[in-house]
Amino acid sequence: MNSQTTVSVIMPAYNAENYIAQAIESVLCQDVPLELLVIDDCSSDRTAEIAGRYADGEKVVLICNDRNLGVAESRNIGIRRAVGKYVAFLDADDWWREGKLKAQCEELEKSDSVLCCTGRELMNPDGSSQGKVIGVPGQITYSMLLRTNSIPCSSVVMETQVAKEFYMCHDELHEDYILWLRVLQKYGAALGINEPLLQSRMSQGGKSRNKLKSARMQFGVYRYMGFGILASCYYFLMYALNGVRKYSA
């Protein structure tokens, strides 16, 4: 990939044969110079085969893990390989609207922020709309993010050098949330484009779909970030209340 690449899109994939073609197509229709790095995490279905149909070793690169590494380390493989000024994350069961990357790159170019996210439309496993859009504030501060994770991973575009400074960690927690918190803690507020430029598929097998498990993971994030028991309980209560508002509105 040449030095003019603007965005390196990182797509971890595991047993996503039913969805990955749509995800890849939504990347290829974006109107910015890009590379797509698909990291197959030892899928047992046809995910790698389908992704391989698009792979040309240049614009679309398929990377097959030798063993199952989990989503955090699979994304890290992509971050290490990225050559674009920005990295963007897209899960293999989600997809983007046309113009998403261009809109975010333009916002980042005219600001001091290093991370930009967008709103999302919630989709059923079959790809039909649930009729619900979750927006994002125009600016998201570290303090705001502690109270609710308003940054959807598959909507994020961020400076590659910043991603390479932190990487993702702790797959057993909300690994993306930890990264956003660390980035905002150091670099200040993120930008939000309050448009549903991300179609977010609510897959039944997602680890955040188990509410009790997700709650434990959320509390674990606060502890990982260095907060004591009382502070962690406070932020967890804010997270729970905001979650009720977010999904019941």
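Using the alpha-carbon positions of the chain, Rg (one decimal) and Dmax (whole number) come out as 17.1, 52 Å.
Each Cα pair under 8 Å and six or more residues apart adds its sequence gap; the mean of these over the residue count of segment 1-144 is a relative contact order of 28 percent. In segment 70-168, inverting the average of 1/r over every pair of distinct C-alpha atoms gives 14.7 Å as the Kirkwood radius.
Given DSSP loops and a limit of at most 16 other Cβ atoms within 10 Å, what is the longest stretch of the chain that contains no such trypsin sites (Lys or Arg not before Pro)?
Numbers: sites that count: Arg46, Arg53, Lys59, Arg67, Arg97, Lys110.
Segment 111-249 is the longest.
Modelled spin-label separation between Leu230 and Arg53, with each label point placed 7 Å from Cα along the Cα-to-Cβ direction: 5.9 nm. What separates the Cα centres of segment 47-90 and segment 106-136 is a distance of 22 Å.
Can you tell me how much longer the chain between Ser143 and Glu98 gets when fully stretched, taken as 0.36 nm per residue apart minus their C-alpha distance, in nm with one decimal? Kindly include the intermediate steps, with their values, before the conclusion.
Working: separation 45, 0.36 × 45 = 16.20 nm, distance 3.15 nm.
Contour length minus Cα-Cα distance gives 13.1 nm.
Subtracting the Cα-Cα distance of Cys169 and Ser44 from their residue separation scaled by 0.36 nm leaves 42.6 nm.
Of the accessible area of the chain, computed with a 1.4 Å probe over protein heavy atoms only, carbon and sulfur atoms account for 50 percent. Averaged over its residues, segment 67-128 has an accessible area of 40 Å² per residue, based on protein heavy atoms and a 1.4 Å probe.
In segment 39-82, which GluC sites (Glu not before Pro) fall in coil by DSSP and have 11 or fewer other Cβ atoms within 10 Å?
Glu58
When only Cα pairs below 8 angstrom with a gap of at least 6 residues are kept, segment 91-249 shows a relative contact order of 33 percent.
The values are calculated or read from the model by the stated rules, or taken from the named source; none is laboratory data. Since the model is a prediction, treat every value here as computed from it, not as a measurement. Methodologically, a virtual Cβ is constructed for each residue, glycine included, from the backbone with ideal geometry; neighbour enumeration extends over all protein chains shown. Note: accessible area is taken over every heavy atom of the protein model, side chains too, but ligands, DNA and RNA are not part of it. Shrake-Rupley method; radii C 1.70, N 1.55, O 1.52, S 1.80 Å.
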